[in-house]
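Report on the structure given below.
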């Protein structure tokens, strides 16, 4: 299946018109939030800006090409943690935002890693990380979440926006934690041959499409759209100057270069 790129301008933040069907119900997510908040874990709070680099390691195939270039504070996204550990790299941080129990297989507890886990994640995720340092953060576009968090936090709560993947969420989480320099690795939104990720256990034969010369899927196109939107947001005058450096080769990297050229 081919998807046309005709009229896909670099400044168009949302070139597609589709809806990604969630794999969970609102009721399940709200119950997960109640469970995570009841654990009394520390929550993400805003920090002062600083000059350190946050290297975000998504799990795309190009991470295999660039992992040795990771520098500064390293933030893994879900399964990229295990991949980096296998290479002898211990990330400082690991983020988890997938709400179903399926993500459990990609989570590795490690005493030297600090975990940032979304409050809507499955209780089994928190159980697995019970002996690790864990912070929780809030945001998921689900009906009833604002009301629930207002009930749980009558003094107010911090909302952290973001895109459809943990790699994108790390940009907002990093900004909140004072980072203004971001190096992005493995945020490809495409795959090579049968591999959707750098780690070989994520090969599969699910249906794929061709977009702009890259093998991809609809959820990957959603990440492209969300990323371009986010890049536009961080250029607004009320946002501190933010440096984005992209590594690797993939659909998202190509579309970002096209977007930059159109600015």
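The values are calculated or read from the model by the stated rules, or taken from the named source; none is laboratory data. What you see is a predicted model; the values in this text were computed from it and never measured. Note: ideal-geometry Cβ built from the backbone for every residue, glycine included; neighbour counts use all protein chains shown.
Looking only at residues in region 56-70 that are within 16 Å of residue 166 (Cβ to Cβ) and in contact with a helix residue (DSSP H, G or I) (Cβ under 7 Å, 6 or more places away or on another chain), the one that is modelled with the lowest pLDDT is 59.
Here residue 182 fits the description: in contact with a helix residue (DSSP H, G or I) (Cβ under 7 Å, 6 or more places away or on another chain), modelled with pLDDT of 80 or more and within 23 Å of residue 115 (Cβ to Cβ). If a residue has to be outside any helix (DSSP H, G or I) and either in contact (Cβ under 8 Å) with a residue 24 or more places away in the chain or surrounded by 24 or more Cβ atoms within 10 Å (Cβ to Cβ) (or both) to count, how many in region 79-92 make the cut? Summing the residues that are outside any helix (DSSP H, G or I) and either in contact (Cβ under 8 Å) with a residue 24 or more places away in the chain or surrounded by 24 or more Cβ atoms within 10 Å (Cβ to Cβ) (or both) in region 79-92 gives 2.
With 61, 99 as the choices, which residue is part of a loop (DSSP other than H, G, I, E, B), closer than 19 Å to residue 26 by Cα and in contact (Cβ under 8 Å) with a residue 40 or more places away in the chain? Exactly one residue qualifies, and that residue is 99. Residues in region 124-148 that are touching a strand residue (DSSP E or B) at 6+ places or on another chain (Cβ under 7 Å) and within 14 Å of residue 41 (Cα to Cα): 10 in all. Filtering region 203-249 to residues that are at positive phi and in contact (Cβ under 8 Å) with a residue 60 or more places away in the chain leaves 212, 248. Taken over region 166-180, the criterion of being in contact with a strand residue (DSSP E or B) (Cβ under 7 Å, 6 or more places away or on another chain) and either within 21 Å of residue 101 (Cα to Cα) or crowded, with 21+ Cβ neighbours inside 10 Å (or both) is satisfied by 166, 167, 169, 170, 171, 173, 174, 179. Considered as a group, the residues in region 52-74 that are closer than 21 Å to residue 193 by Cβ and out of contact with any strand residue (DSSP E or B) (no Cβ under 6 Å at 6 or more places or on another chain) include one that is surrounded by the fewest Cβ atoms within 10 Å (Cβ to Cβ), and that residue is 65.
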